[in-house]
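To start, the structure under review is shown below, and the notes come after it.
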Amino acid sequence: MSTINKISLAVQNGNRKQVLSLVQQAIDEGLPAKEILESGLLAGMDVVGQRFVRNETFIPEVLVSARAMSSGTELLKPLLAEGEVDYLGRVLIGTVEGDLHDIGKNLVKLMIESKGVEVIDIGIDAPAEKFINTAMENDCKIICCSALLTTAMSQMETVVEKANEAGIRDKVKIMVGGAPVTQGFCDKIGADYYTPDATTAVEKVVEILKSMAQ
Ligand code: B1M
């Protein structure tokens, strides 16, 4: 079995120690960080996710796997940055009110940080006002909203409304994402950008910050 497949299996088993040593082994073997992340760590978490949906695994196991996966991504963090990076600015990220899922948000955050962007993380279950007030206080150029629950998605619209009320739409862009979010939903609520995954999210953040700096 390849090291990548072993990483996926170790995440599925929630074996944090094994994940750490296998990720280190993959790094030593010269495997690209992105491949270790996507085909190893995320693939393993994906299997856990499918089992959870089928009621074949339960919340404690999912959390143990998530923790193992996060430890592995921390080890990859310095490698995901491509050499020396310029400071591009500051963005805010959070999971909207009513939603406690943060694995995807943390991944998006990690990838954005690896591009030299400072990220203020307001955590999970964050009220719309917190998104707006924290962004204004810290001069953030982009507000990134994550949601995994369809019931919590409407909170993204509240963030857009509060930003309109605060009169900051010309200074701050609003980006939305998370498994149930679509481009159509983004257009409907009047957010600025939608991206489907962490890789496209970081590309979009860099593109927006560069265009705002001009
Ligand atoms: Co929950 N959960 N969960 N869960 N959970 C889902 C999301 C669900 C689809 C499973 C299911 O039943 N089918 C379902 C939601 C159904 C829906 O609304 N459509 C669900 C449910 C119902 C629940 C509870 C209500 C269960 C219960 O208690 N009965 C409860 C809700 C609690 C709450 O939030 N109020 C709950 C709880 C939990 C755990 C605590 C056990 C745990 C969360 C742990 C944590 O986050 N710290 C958990 C997990 C792990 C999942 C699944 C299994 C996996 C989610 C995940 O982390 N995926 C999930 C089922 C599944 O997806 N297969 C499920 C890995 C992660 C890397 O992917 O988050 O999609 P993801 O992020 C991606 C993209 O979406 C994107 O980039 C990331 C990487 O590419 N992305 C962005 C994310 N944010 C972005 C922002 C961007 C751009 C891209 O720009 C701003």
Residues listed by number, region 138-182, amide nitrogen under 11 Å from ILE120 label point at 7 Å toward C-beta: 138-143
Ranking LEU41, GLN214, ALA201 by how far each Cα lies towards the positive end of the charge dipole of the chain (+1 on Lys and Arg Cβ, -1 on Asp and Glu Cβ), the top one is LEU41
So how many Å³ per residue does the convex hull of the Cα atoms of region 3-80 work out to? 65 Å³
Measure nothing but the geometry: give the 0 to 90° angle between the long axis through the Cα atoms of 43-53 and the longest principal axis through the Cα atoms of the chain, rounded to 10°. 80 degrees
At R0 = 41 Å the Cβ-Cβ FRET efficiency linking SER71 and ASP187, nearest 0.05, sits at 0.65
Report the residues of region 1-26 in range of a label on GLU35: point 7 Å along Cα→C-beta, backbone N strictly under 20 Å from it. 1-11, 19-26
Go ahead and set up a Gaussian network model of the chain, Cα springs under 10 Å, then flag whichever of LEU107, LEU41, LEU31 fluctuates most. LEU31
DSSP loop trypsin sites (Lys or Arg not before Pro) in region 10-90 with at most 13 other Cβ atoms within 10 Å of their Cβ, which ones? ARG54
Taking springs between alpha-carbon atoms closer than 10 angstrom, which of GLU137, GLU74, GLU161 fluctuates most in the Gaussian network model of the chain? GLU137
Counting only helical runs of four or more DSSP H residues, what would the 222 nm mean residue ellipticity of the chain come to if each run contributes -39,500 (n - 2.57) and the total is spread over all its residues? -16500 deg cm²/dmol
Describe numerically, in nm with one decimal, the distance between label points set 7 Å from Cα along Cα→Cβ at ASN133 and at GLU56. 4.5 nm
From the phi angles alone, apply the Karplus equation (6.51, -1.76, 1.60; θ = phi - 60°) to region 10-26 and give each ³J(HN,Hα) in whole Hz, x where the residue is Gly or Pro. 5, 5, 4, 7, x, 8, 4, 4, 5, 4, 4, 6, 6, 4, 4, 4, 5
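Just check the chain against the gyration tensor rule for me: Cα atoms, a ≥ b ≥ c as the square roots of the eigenvalues, rounded for a/c under 1.5, and otherwise prolate or oblate depending on whether a/b exceeds b/c.
Note, shape of the chain comes out oblate.
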Dipole moment magnitude, nearest 20 debye, region 90-213 about Cα centre, only Lys, Arg, Asp, Glu C-beta charged: 320 debye
Could you list the chymotrypsin sites (Phe, Trp or Tyr not before Pro) in region 51-123 that lie in coil according to DSSP, counting only those with at most 16 other Cβ atoms within 10 Å of their Cβ? PHE58, TYR87
How tilted is helix 103-113 with respect to the longest principal axis of the chain? Cα atoms for both, answer in degrees (0 to 90, nearest 10). 80 degrees
Region 29-43 to region 125-169: how many Å between their Cα centroids? 32 Å
When the chain is treated as a GNM, springs tying every alpha-carbon pair under 10 Å, which of PRO196, PRO60, PRO32 comes out with the largest mean-square fluctuation? PRO60
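No lab work stands behind these numbers, since they all come straight from the coordinates. Note that the coordinates shown come from a computational prediction; the quantities given were computed from them, not determined experimentally. Counting neighbours? That spans all protein chains shown, and the Cβs are built from the backbone with ideal geometry, glycine included.
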